[in-house]
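Novice: Mind having a look at this structure? Questions to follow.
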């Protein structure tokens with residue numbers, strides 16, 4: 001009887017016995033910054049140093065990050081982040097080592113979008129920062145706080161997101177670089193909120209002195225940036241600046257486009273079910289506005305494309321989807337041109353996005369490798385957990401989520417229907433089939449070559465390293481295999497590879513040299529003699 005009594009007493013007091021230390025964050029925002037309730041995602045960033053604010057150290061290879069969604073949170077009400085909250089790189093605060101840390105909270109605000117397809121979504125509305133919650137204007141941040149963590153002791157840290165991130169400062173125009181931004185009616189109608197497109201325009205030497213002269217254009221695709229195209233900097237030591245401002249150099253107007261979406265810093269420039277009609281908006285609103293404001297030649301043969309990585313896929317896809325609108329592309333390290341390898345995942349044959357299934361064993365899929373040593377840097381499972389911590393329902397603003405948003409169908413809840421489960425890795429073959437039919441560029445070309453081929457002869461140029469850090473060279477191999485098999489017509493473009501150990505950023509020539517290659521292309525393909533831009 002005494003033993004039973006002792007056991008009962010132990011059980012009764014278990015809730016207050018501290019069997020192990022727990023660390024917990026209680027985070028709120030003040031009424032002075034918002035009297036209204038807010039919806040969004042709260043982050044806690046934990047770093048070992050304070051050389052930069054912890055929020056600015058968060059990333060794929062960055063500091064410890066945890067996040068939690070909240071809805072209709074009133075000022076002064078606390079969000080709890082504790083050992084049950086999913087984190088990255090460490091999955092749980094239970095495993096946070098003892099030590100001294102610097103912590104900071106970030107409140108990422110969501111906006112209600114009443115989309116034209118009838119769905120209502122809560123997502124972060126880009127503030128011209130490029131879909132980056134770490135520095136998005138209007139988001140709230142706390143002061144950085146130093147803590148000492150002892151896993152044997154319980155600890156509660158209170159953080160108040162008491163400061164608002166200020167607006168982005170758009171650089172002033174100069175003689176060489178001009179910027180503008182327009183509201184897109186097409187995208188505003190789709191998203192049910194004002195949506196914007198922009199352009200950074202790099203003007204050639206002599207533009208002001210030759211008011212009757214019109215110029216061919218280079219569209220340099222890529223992630224959101226307000227910087228000018230072709231790595232141009234107004235610095236005498238900059239190679240592009242040196243050539244661009246010289247007397248004997250091809251005269252182009254070079255343009256970078258800004259088209260962030262609620263899913264990512266970049267729409268991939270095509271129409272899609274989840275992002276909306278960005279292809280239409282860019283080609284029916286933004287580019288006509290560019291050609292109205294600046295003296296570019298409004299002809300397909302005079303519009304050339306380039307870009308790397310995201311911009312590599314975009315520049316290639318635009319040439320394929322708009323074969324008459326553009327006159328050629330030079331696509332560097334493009335995102336998957338063939339979905340048999342999407343950063344290590346074969347979406348058609350693999351059953352799981354986290355590991356390869358063999359008869360007697362499974363092998364983790366490597367997402368990222370070191371191009372010099374071939375050493376694994378991140379697994380697919382780690383990469384996807386990082387995205388899930390950054391945002392649920394595909395709202396991470398990260399790479400794999402935007403591919404699902406661009407390539408995939410809309411789910412029942414209005415957010416994209418995922419290619420695979422972010423927690424288990426299980427692949428949905430129906431979604432994979434949708435990807436294939438609509439955005440697998442090798443498949444699209446192979447299926448439609450009779451129609452597309454005559455419009456693409458000499459226009460497709462791909463450049464990649466044999467050891468691309470994200471295995472993107474595999475998609476290039478598949479694309480090259482098809483292109484080299486083409487007949488009536490033969491594609492007559494080029495595929496260029498870096499030698500051994502050349503990774504994602506490899507280029508056989510600089511962007512300054514690429515302009516000269518593009519000029520030679522126009523000299524061969526233009527329907528009329530064009531040599532005046534070299535004057």
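The values are calculated or read from the model by the stated rules, or taken from the named source; none is laboratory data. Predicted model, so just to flag it, every value in this text is computed and none were measured. Reconstructed Cβ throughout: ideal geometry from the backbone, glycine too, with neighbour counts over all protein chains shown.
Novice: Just a yes or no: is a residue in the stretch 353-360 touching a residue at least 24 places away in the same chain (Cβ under 8 Å), outside any loop (DSSP other than H, G, I, E, B) and within 18 Å of residue 406 (Cα to Cα)?
Specialist: The answer is no, given that none of the residues of the stretch 353-360 is touching a residue at least 24 places away in the same chain (Cβ under 8 Å), outside any loop (DSSP other than H, G, I, E, B) and within 18 Å of residue 406 (Cα to Cα).
Novice: Sticking with this structure for a sec: Just give me the residues in the stretch 374-392 being under 22 Å from residue 223 (Cβ atoms) and either free of Cβ contacts under 8 Å to residues at least 24 places away in the same chain or not in a helix (DSSP H, G or I) (or both), in sequence order.
Specialist: 377, 378, 391 - these are the residues of the stretch 374-392 that are under 22 Å from residue 223 (Cβ atoms) and either free of Cβ contacts under 8 Å to residues at least 24 places away in the same chain or not in a helix (DSSP H, G or I) (or both).
Novice: Now, a different point. Only one residue in 193, 155, 145 is in contact with a strand residue (DSSP E or B) (Cβ under 8 Å, 6 or more places away or on another chain), surrounded by fewer than 18 Cβ atoms within 10 Å (Cβ to Cβ) and not assigned by TED's automatic domain parsing to the domain that holds residue 49. Which one?
Specialist: Unique residue meeting the criteria: 193.
Novice: Residue 230 passes all but one of (1) closer than 30 Å to residue 55 by Cβ; (2) outside the structural domain of residue 55 (by TED's automatic domain parsing); which number fails?
Specialist: Only one criterion in (1) closer than 30 Å to residue 55 by Cβ; (2) outside the structural domain of residue 55 (by TED's automatic domain parsing) is unmet by residue 230, namely (1).
Novice: Among the residues of the stretch 24-40, how many are in contact with a strand residue (DSSP E or B) (Cβ under 9 Å, 6 or more places away or on another chain) and either assigned to a loop (DSSP other than H, G, I, E, B) or within 10 Å of residue 76 (Cα to Cα) (or both)?
Specialist: Total meeting the criteria: 7.
Novice: Something else now. Suppose we filter 172, 229 for residues that are under 26 Å from the mean Cα position of the chain (by Cα), buried (at least 18 other Cβ atoms within 10 Å of the Cβ) and at pLDDT 95 or above; which single one remains?
Specialist: 229
Novice: Also, I was wondering about something else. Just to verify a result, which residue in the stretch 264-276, among those that are more than 22 Å from residue 304 (Cα to Cα) and touching a strand residue (DSSP E or B) at 6+ places or on another chain (Cβ under 7 Å), is surrounded by the fewest Cβ atoms within 10 Å (Cβ to Cβ)?
Specialist: 273
Novice: Exactly one of these conditions fails for residue 314: (1) touching a helix residue (DSSP H, G or I) at 6+ places or on another chain (Cβ under 9 Å); (2) within 17 Å of residue 406 (Cβ to Cβ); (3) in contact (Cβ under 8 Å) with a residue 60 or more places away in the chain. Give me its number.
Specialist: (1)
Novice: Follow-up question, since we're still on this one. If I ask for residues that are in contact (Cβ under 8 Å) with a residue 24 or more places away in the chain and surrounded by fewer than 19 Cβ atoms within 10 Å (Cβ to Cβ), which ones from the stretch 75-84 would you list?
Specialist: Hits for the stretch 75-84 are 75, 76, 77, 78, 80, 82, 83.
Novice: Look through the stretch 45-74, keep the residues that are over 22 Å from the mean Cα position of the chain (by Cα) and closer than 17 Å to residue 395 by Cα, and return whichever of them is surrounded by the most Cβ atoms within 10 Å (Cβ to Cβ).
Specialist: Step by step, filter the stretch 45-74, then rank; the result is 70.
Novice: Return the residue satisfying two criteria in turn: it lies in the stretch 505-521 and is surrounded by 17 or more Cβ atoms within 10 Å (Cβ to Cβ) and in contact with a helix residue (DSSP H, G or I) (Cβ under 7 Å, 6 or more places away or on another chain), and of such residues it is nearest to residue 471 (Cα to Cα).
Specialist: 511
Novice: While we're looking at this one, here's another question. Assuming residue 330 fulfils every condition listed in (1) surrounded by fewer than 23 Cβ atoms within 10 Å (Cβ to Cβ); (2) under 21 Å from residue 497 (Cβ atoms) apart from one, which condition is it?
Specialist: Unmet for residue 330, out of (1) surrounded by fewer than 23 Cβ atoms within 10 Å (Cβ to Cβ); (2) under 21 Å from residue 497 (Cβ atoms): (1).
Novice: Next question. Within the set of pairs 6+ apart or on separate chains, which have a first residue in the stretch 46-64 that is assigned by TED's automatic domain parsing to the domain that holds residue 149, a second that is part of a helix (DSSP H, G or I) and surrounded by 14 or more Cβ atoms within 10 Å (Cβ to Cβ), and C-beta atoms under 8 Å apart?
Specialist: 46/54; 47/54; 47/57; 60/383; 60/386; 63/54; 63/57
Novice: In the stretch 143-158, what residues are part of a loop (DSSP other than H, G, I, E, B) and either without any contact (Cβ under 8 Å) to a residue 12 or more places away in the chain or closer than 13 Å to residue 96 by Cα (or both)?
Specialist: 150, 151, 152, 153, 154
Novice: Something else: Can you name every residue in the stretch 235-254 that is free of Cβ contacts under 8 Å to residues at least 40 places away in the same chain and part of a helix (DSSP H, G or I)?
Specialist: 241
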